[in-house]
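For reference, the structure discussed in these notes is given below.
The values are calculated or read from the model by the stated rules, or taken from the named source; none is laboratory data. If you're wondering where the values come from, they're calculated on a predicted model, not measured in any experiment. No Cβ is skipped: glycine too gets one built from the backbone with ideal geometry, and neighbour counts run over all protein chains shown. For the accessible areas, the whole protein counts, side chains as well, though only heavy atoms, and no ligand, DNA or RNA atoms are used. Shrake-Rupley method; radii C 1.70, N 1.55, O 1.52, S 1.80 Å.
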Amino acid sequence: MTPISIHMASLGMTLLALFCVGTQISVPMISSQARHWRTLLVICIGQWLVLPLILLGYLEILGSDDRVTLAVAVVAMAPAGMFAVTALYLIGISFSAALVGVLALQILGAILLFGAIDLLWNTEIMPADDLQESLTDMSRSQLVLLFLPMLVGLATRYLFPSLGPMLYRPTRLVIWGAYITVAAHAISLKAHFSYRADVIGTMPMVVGMVGCGILAGFIVYLLSHRVLKLDGHDTVMASTLIGVQGPAPALLLTQIHRDDWTELAAVTINYALLLPILAGIWLLISKTRWGSMLLPR
């Protein structure tokens with residue numbers, strides 16, 4: 001399996017990145033966002049209604065193997081976590097406000113994720129109890145790994161107020177370091193599954209899966225802007241949380257199932273390798289004139 005050194009480096013860099021992000025959190029922004037129920041509502045609609053329907057249509061058109069289809073559904077709909085929060089930080093959106101939305105997705109994650117998958121996809125290929133237990137473990141672990149280091153960072157900043165400004169620029173470097181170690185983790189998994197999982201064969205499907213997430217995010221953007229009349233910051237934040245999912249839950253599921261669901265490994269590996277590229281694209285967009293207008297500072 002994955003060498004323990006790579007596994008620990010990936011975990012350590014993720015925790016460090018989240019700690020650094022925690023030192024940049026604005027508590028007033030968190031408390032004010034908790035009162036914006038319309039933003040939280042549109043985030044949940046995007047994650048549990050818009051994204052599943054788009055993904056269902058895409059997978060119906062492809063007509064792939066049931067085990068591959070189930071793997072794509074599980075990975076694509078895993079609630080956004082570390083990757084979404086740090087990507088928001090890189091492109092200039094307030095992740096302090098986004099934390100409330102991410103927390104709502106994580107708490108609802110295990111129940112609604114299993115419900116949507118059981119309703120829309122064929123879960124008979126895998127015992128429902130096993131899948132639900134795996135998703136619950138994933139959601140619980142993600143919740144702890146995501147918020148505990150950020151809470152420590154927040155507390156540290158409270159005790160040492162000068163720490164936040166000092167870590168403002170280094171935080172970006174740590175985030176990219178975390179992305180690199182996650183990619184290394186995925187590559188090591190690829191080596192392990194190279195003879196049993198069709199990693200190359202699932203790449204086109206995974207690219208389409210990422211496209212489905214971006215399309216769902218765009219629909220959420222239009223819904224937020226045109227219908228709910230949210231301000232520009234909340235609109236972009238909500239759409240990004242839907243369009244950019246995190247690789248960590250998928251990697252965790254792959255560790256849980258190991259060799260009994262190699263299709264999950266193939267989808268996960270490609271997804272984890274694509275996401276740093278997606279973050280780079282978002283960052284480039286944010287530097288353009290159009291992106292500067294779209295992404296409020």
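Quick notes
Table: residues versus (1) within 13 Å of the chain's Cα centre (by Cα); (2) buried (at least 18 other Cβ atoms within 10 Å of the Cβ); (3) modelled with pLDDT of 75 or more.
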site: Glu60; (1), (2), (3): no, no, yes
site: Val74; (1), (2), (3): yes, yes, yes
site: Met77; (1), (2), (3): yes, yes, yes
site: Asp129; (1), (2), (3): no, no, no
site: Leu146; (1), (2), (3): yes, yes, yes
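- Of the helices (runs of 4 or more DSSP H) lying entirely inside region 121-236, those carrying at least 3 residues that are touching a helix residue (DSSP H, G or I) at 6+ places or on another chain (Cβ under 7 Å) are 128-159, 168-193, 199-222.
- Residue list for region 131-144, filter: without any contact (Cβ under 8 Å) to a residue 12 or more places away in the chain and surrounded by 14 or more Cβ atoms within 10 Å (Cβ to Cβ): Glu133
- Residues of region 160-187 satisfying the condition of being open to solvent by 80 Å² or more (accessible area, probe 1.4 Å) and more than 16 Å from the chain's Cα centre (by Cα): Phe160, Pro161, Pro165, Met166, Tyr168, Arg169, Leu173, Ile187
- Members of region 188-215 found to be surrounded by 21 or more Cβ atoms within 10 Å (Cβ to Cβ) and within 20 Å of the chain's Cα centre (by Cα), listed by number: Leu189, Thr202, Val206, Met209, Cys212, Gly213
- Residues that are of a type in the set (A, V, I, L, M), open to solvent by less than 10 Å² (accessible area, probe 1.4 Å) and modelled with pLDDT of 85 or more were ranked within region 216-245; the one that is farthest from Ile30 (Cα to Cα) is Ala216.
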